[in-house]
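Nothing in this text is a laboratory measurement; each read-out follows from the coordinates by a stated rule. Here the structure is a predicted model, which means the values were calculated and not measured. Note that we place each Cβ from the backbone using ideal geometry, even for glycine, and neighbour counts take in every protein chain shown.
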Amino acid sequence: MLTVQDVRVDVDARRCWRGEAEVRLARKEFDLLVALISRPGEVVSRARLMEEVWQTTFWTSAKTIDVHLGWLRRKLGDDPRRPTLITTLRGHGLRFETVAPAYAAAPVS
């Protein structure tokens, strides 16, 4: 069982929860989540994600990761404009945050 913030993943059973609610994920969404949550706080490059999740060293589409990431964020309830779970570090990759970024607690005006 992997647990980071309020996300729990049972890799063997291929199940995921956000808080107490189970989140149903498609196969690649789940694989993408595992690739990130298994390395909390670590930046994972897009090339590494393509290798691990899609088992390829070439880009089938520049938007493949972005599309699946969008679906994953939506299902986890992670606002893509102010993500608290999965952040994008432009030019470097993606990171599953160990704690919500400080802006998450700031009031929105």
Exposure proxy order (Cβ contacts within 10 Å, fewest to most) of MET1, MET50: MET1, MET50
Percent of Cα pairs exceeding the 15 Å cut-off, where the set is segment 26-102: 52 percent
Segment 5-48 shape via C-alpha gyration tensor axes, a/c threshold 1.5: oblate
Simple Cβ-charge dipole of the chain, Lys/Arg +1 and Asp/Glu -1, about Cα centre, in debye nearest 20: 320 debye
Which of THR87, THR3 has the fewest Cβ neighbours within 10 Å, and the rest in rising order: THR3, THR87
